[in-house]
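To start, the structure itself, in structure tokens.
The values are calculated or read from the model by the stated rules, or taken from the named source; none is laboratory data. Everything numeric in this text was worked out from a predicted model, so none of it was measured. When we count neighbours, we look across all protein chains shown, and the Cβ atoms used for this are built from the backbone with ideal geometry, even at glycine.
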Amino acid sequence: MLLERPGTPLRSVELPHPKPGPGDVLLRVRACGVCRTDLHIVDGELTQPRLPLVIGHQIVGETEDGRRLGVPWLGWTDGTCRYCTTGRENLCDEARFTGYDLDGGYAEWAVADKRFCFPIPEGYGDLEAAPLLCAGLIGYRSLRLAGDPERLGLYGFGAAAHIVAQVAAWEGRRVFAVTREGDRAVQGFARSLGAEWAGAGAPPEELDAAIIFAPAGELVPAALKAVAKGGTVVCAGIHMSDIPSFPYEILWGERVLRSVANLTRRDGEELLALAPRVPVRTKVEAFPLERANDALAKLRAGGFEGALALVP
């Protein structure tokens, strides 16, 4: 399913069989998660994709010798810059991203740099594993950068939050889920995954940290108001609408506002080792590959539980 121009539907096409280069691995795609980043690319909010493009960066694929590998958003780095050499490869200026600079997983076959692939843990089916590769990884990195909060707020309870809520609850944290007004099904889903409160508006008590998954800038001052002094607000998305101005007093008190960018391979290794121990269980609705546009439309509308994925 090919993106030829932002703002237009993906088109079903026959492409030449991809050929792996030195250090690459050829994968038969078994599932590919549908991510909000895909929407940002299709809608033109991320403005520098390589076109035409096969999007998709939560790929579970099978090698010719039968191994299952996961392909995440981070697809290549130069390995030599000051970011790569100091454990911050997620910030590499020359990085290439799966489904943005490199063809991704909305296809039957994919090629990836084997250094940036992860073995899929046993016990996870193809569909169940796919959301771990971006929603899970960004949620996990956001949680680690939130510090060590006892009371954690999750703003937007989609694919990433439904994974990180399970990790946070397993670690003994108190989870508060902030959702859209009247979204009772999602609120009930959040409670079923360990949230002690789920609702719209301000949580019932102060938070020690908040992670914002929804791409809505107006949530930043709301989250800052909700965290206690010394608390951290983490913006987990790759794109967000403009943040409105807010008074300094809601940042004062040594509150921290920060973003999370991409992921490192270490994040992937740690999460995929941790997930079976929790165990993290993902809820995934499958769409056939040719219905990728329908999956993106459902993601845009929201209101569903868990994650979406495509299967060839």
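Quick notes on this one:
- Residue count, the range 113-153 (criterion: assigned to a helix (DSSP H, G or I), closer than 16 Å to Val278 by Cβ and charged (D, E, K, R)): 2
- Residue that is surrounded by the most Cβ atoms within 10 Å (Cβ to Cβ) [pool: residues in the range 1-15 that are assigned to a loop (DSSP other than H, G, I, E, B) and without any contact (Cβ under 8 Å) to a residue 60 or more places away in the chain]: Pro6
- Filtering the range 277-312 to residues that are among the hydrophobic types (A, V, I, L, M, F, W, C), crowded, with 17+ Cβ neighbours inside 10 Å and assigned to a loop (DSSP other than H, G, I, E, B) leaves only Val280.
- Any hit, the range 279-290, residues being out of contact with any helix residue (DSSP H, G or I) (no Cβ under 7 Å at 6 or more places or on another chain) and either of a type in the set (Gly, Ala, Ser) or in the same structural domain as Gly147 (by TED's automatic domain parsing) (or both): no
Listed here are the residues, each with its yes/no results for (1) under 30 Å from Lys114 (Cβ atoms); (2) aliphatic (A, V, I, L, M); (3) modelled with pLDDT of 95 or more.
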| site | (1), (2), (3) |
| --- | --- |
| Ala195 | no, yes, yes |
| Ala200 | no, yes, yes |
| Ala209 | no, yes, yes |
| Ala214 | no, yes, yes |
| Pro221 | no, no, yes |
| Ala228 | no, yes, yes |
| Val234 | no, yes, yes |
| Asp242 | no, no, yes |
| Thr264 | yes, no, yes |
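- Residue within the range 104-118 that is of a type in the set (D, E, K, R) and over 18 Å from Thr264 (Cβ atoms) present: yes
- Cβ pairs under 9 Å, 6+ apart, first in the range 250-275 and small (Gly, Ala, Ser), second surrounded by fewer than 17 Cβ atoms within 10 Å (Cβ to Cβ) and not in a loop (DSSP other than H, G, I, E, B): Gly253/Ala228; Gly253/Lys229; Gly253/Gly230; Ala261/Leu91
- Positions within the range 88-107 being surrounded by fewer than 20 Cβ atoms within 10 Å (Cβ to Cβ), in a loop (DSSP other than H, G, I, E, B) and touching a strand residue (DSSP E or B) at 6+ places or on another chain (Cβ under 6 Å), in sequence order: none
- Only one of the numbered conditions (1) out of contact with any Lys or Arg (no Cβ under 8 Å at 6 or more places or on another chain); (2) over 28 Å from Gly44 (Cβ atoms) is not met by Pro119, and that is (1).
- Test: residue in the range 181-195 that is in a helix (DSSP H, G or I), under 29 Å from Gly44 (Cα atoms) and not small (Gly, Ala, Ser): yes
- Output for the range 242-259, where each listed residue is among the aromatic types (Phe, Trp, Tyr) and either within 12 Å of Ala222 (Cα to Cα) or not assigned by TED's automatic domain parsing to the domain that holds Thr232 (or both): Phe246
Conditions tested, residue by residue: (1) assigned to a helix (DSSP H, G or I); (2) among the acidic types (Asp, Glu).
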position: His17; (1), (2): no, no
position: Pro22; (1), (2): no, no
position: Leu26; (1), (2): no, no
position: Ile41; (1), (2): yes, no
position: Glu45; (1), (2): no, yes
position: Gly66; (1), (2): no, no
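- Filtering the range 29-74 to residues that are surrounded by 23 or more Cβ atoms within 10 Å (Cβ to Cβ), of a type outside the set (Val, Ile, Thr) and over 17 Å from Ala236 (Cβ atoms) leaves Ala31, Cys32, Gly56, Gly61, Gly70.
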